[in-house]
1. Collect the residues in the stretch 287-303 that are surrounded by fewer than 21 Cβ atoms within 10 Å (Cβ to Cβ) and closer than 18 Å to Leu319 by Cα, keeping them in residue-number order.
2. Within the group Leu306, Leu243, which residue is surrounded by 15 or more Cβ atoms within 10 Å (Cβ to Cβ) and farther than 28 Å from Pro114 by Cα?
3. In the stretch 273-286, is there at least one residue being over 26 Å from Ala354 (Cβ atoms), surrounded by fewer than 18 Cβ atoms within 10 Å (Cβ to Cβ) and among the charged types (D, E, K, R)?
4. Of everything in the stretch 307-341 that's part of a loop (DSSP other than H, G, I, E, B) and of a type outside the set (Val, Ile, Thr), which residue is nearest to Gly368 (Cα to Cα)?
5. Would you pick out the residues in the stretch 99-121 that are closer than 17 Å to Glu49 by Cβ, within 16 Å of the chain's Cα centre (by Cα) and of a type in the set (A, V, I, L, M, F, W, C)?
6. Restricting attention to the stretch 176-205, report how many residues are of a type in the set (Val, Ile, Thr) and not in a strand (DSSP E or B).
7. Name the residue, out of Ala124, Ala91, Ala131, that is more than 22 Å from Met58 (Cβ to Cβ) and either of a type in the set (Gly, Ala, Ser) or within 24 Å of the chain's Cα centre (by Cα) (or both).
8. Are there any strands (runs of 3 or more DSSP E) wholly within the stretch 28-139 with 1 or more residues that are modelled with pLDDT of 95 or more and small (Gly, Ala, Ser), and if so which?
Amino acid sequence: MQDERPLPSFAAIVVAAGKGLRAGQPVPKQFAQWRGKPVVRHSVEALLEAGAAPLVVMIPEGGDELLSRALSGLDGWQAVTGGATRQQSVAFGLEAVKSAERVLIHDAARPHLPKPVIEKLLQALDEHPGAIPTLPVVDSLAIDDAGAMAGSGEREKLRRVQTPQAFRFADIHAAHRAWQGEPTAGDDAQVLRAAGGSVALVEGDERLRKLTFAEDFVSNLPPVRIGTGFDVHKLAAGEELWLGGIKIEHDKGLAGHSDADVALHAIVDALLGAIGNGDIGDHFPPSDPQWKGASSDRFVAHAAKLVDEAGYRTGNIDLTIICEAPKIGPHREAMRQRIAELLGVDTGAISVKATTTERLGFTGRGEGIAAQAAATVIRND
């Protein structure tokens, strides 16, 4: 991972005021479960993490309790009741924001919101009052005349439009106040264009697809996946010994670019392996000085987040530590509790075992410690 530049300040409006009936869920689709969380929570978390402030969520009449449950534990958002149409809801949201330099307007029904899309949209506002993410049209297009093909469309000139859509706040605020078009404006870019504003097109992302129908809530991911990890670090005088997320008093410690916690490193690789997302060196390269001496807790948290984004949650971890010393038994429960805390699971899902190599090899000679881990991840349904 490389250093990330902070994004420009921006406000956000998440439009979650619709009924979502076509999705066939027992509640409006924005509050239905998708990959382990309510749909609306996914994009709200992504926008808050990107720095959105203020963040306004538009809800249907009487939707306060549904939203409170969906966003339980999150801070930095406010709910506003929407209008009869999407355009009215956004207009109410802009009034609630009151003042900002930039604003992102996003449909809650698009839960997977990659940060690179946000970055490109905000960057485009340096040159344009509005920007939208788009994707090319890949299928041929036909003009329908009462069920018969009356011609074809030029797909090369057409784009599929996604959200979030980004705007200079003053421009989109004024455009919505001046809107005289159809009550059901397709999107906010249309509103800005009607007021004479230019809208830049930036590259969207297929992951930003909209959840619309019942089948969109049926996952085709395997229900369980398994990964393994293995790591080794040498023991050296003058180093702290971090193992399984806890500090152990010992005459030697593990040497490495980070805190060299072989147990947590093996777990990280096992989790990344379960979702097919490389290894710890891909995400935290030892050549990057920012990870010098870094706590391996951060690596575990990152892996857990990637597991969640892939549509899974940690099922269980089976960890084996291989060394002659120190004795692992006295620290086993503390390790289990710390690993469970980092992964957000019950301690019953964490196994920590220890073995020796009968004084054979580098671990047998006390030159280093090795660890191997197996992880299962379970699909979020």
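The values are calculated or read from the model by the stated rules, or taken from the named source; none is laboratory data. Source: prediction; values computed, not measured. Every residue, glycine as well, gets a Cβ built from its backbone with ideal geometry; the counts of neighbours run over all protein chains shown.
1. Hits for the stretch 287-303 are Asp297, Ala301.
2. Sole residue among the options that is surrounded by 15 or more Cβ atoms within 10 Å (Cβ to Cβ) and farther than 28 Å from Pro114 by Cα: Leu243.
3. yes
4. Taking the candidates together, the pick is Cys323.
5. Ala108, Leu113, Val117, Ile118
6. Qualifying residue count, the stretch 176-205: 2.
7. Unique residue meeting the criteria: Ala124.
8. Answer list for the stretch 28-139: 77-81, 130-136.
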